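The values are calculated or read from the model by the stated rules, or taken from the named source; none is laboratory data. The structure presented is a predicted model; accordingly, all values stated were derived computationally and were not measured. As a convention, Cβ positions derive from the backbone with ideal geometry for all residues, glycine included, and neighbour counts pool all protein chains shown. Heavy atoms of the whole protein, side chains included, go into the accessibility calculation; ligands, DNA and RNA do not. Shrake-Rupley method; radii C 1.70, N 1.55, O 1.52, S 1.80 Å.
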Amino acid sequence: EMSVTDSTESEKIEENETSTVPEVDLEDRKVIYHAQLSMEVKNFDDTREKIEAIVSEAGGYIVQTTQFEEANTIGGHLKVRVPESAFSGFLDDVENLADKVTHREVNGSDVTDEYVDLESRLKAKKAVEERLLAFMEEAEKTEDLLKISDDLGRVQEEIEQITGRMQYLDNQIAYSTVDIELSQTVVNRGISGEDERNTLTA
């Protein structure tokens, strides 16, 4: 019986060999992923269109695109964001479009500690807000009301800041950022251009 269990366990391990991140350990952690890819491609326009389609399929969006042309190179940069769940599959799909991947870098920034800290700070500020609201109802003097109102305004501003930061982190965690550099080498572009011009004038 033991040997059967062992073999199924080893099969499971083999199947999961491609994902090096231990999923169980990371389940409760909050990680922001950012990847950088540099690729040489056969056709810049064609590849860019295909990447845009893959982004759309993944449920992501394009943040920025740039394009440049030099003597022997057409190239550009795409900054895209894709749902974290589609991140590794997206990278593979994009890499499959390359003639050659010249650079690949994936960074994970763990923000769990900051997030937990923000949660506890938010809880504390909410408790203060509740206390001040209760004081406000009981206050009889105008000067007390003004003082409580000032304190309340300050606490509510802090609550907004903490909530804003948490929302920003939530968004960064939910959508991974990928920077893609594309370059297409154009052989003897200048010379063929010269030839065409010469033919036209002749």
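Condition check ((1) open to solvent by less than 100 Å² (accessible area, probe 1.4 Å); (2) at pLDDT below 95; (3) under 30 Å from F90 (Cα atoms); (4) of a type outside the set (S, T, N, Q)) across all residues:
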site: K125; (1), (2), (3), (4): yes, no, no, yes
site: A134; (1), (2), (3), (4): yes, yes, no, yes
site: K141; (1), (2), (3), (4): no, yes, no, yes
site: I148; (1), (2), (3), (4): yes, yes, no, yes
site: E157; (1), (2), (3), (4): no, no, no, yes
site: S176; (1), (2), (3), (4): yes, no, yes, no
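Taking T163, is it hydroxyl-bearing (S, T, Y), in contact with a Leu (Cβ under 8 Å, 6 or more places away or on another chain), modelled with pLDDT of 95 or more and open to solvent by less than 100 Å² (accessible area, probe 1.4 Å)? Yes, satisfied.
Out of region 47-76, which residues are assigned to a loop (DSSP other than H, G, I, E, B) and open to solvent by less than 60 Å² (accessible area, probe 1.4 Å)?
Across region 47-76, the qualifying residues are A58, G59, G60.
Does F44 qualify as being farther than 30 Å from G153 by Cα, open to solvent by less than 80 Å² (accessible area, probe 1.4 Å) and in contact with a helix residue (DSSP H, G or I) (Cβ under 8 Å, 6 or more places away or on another chain)? No.
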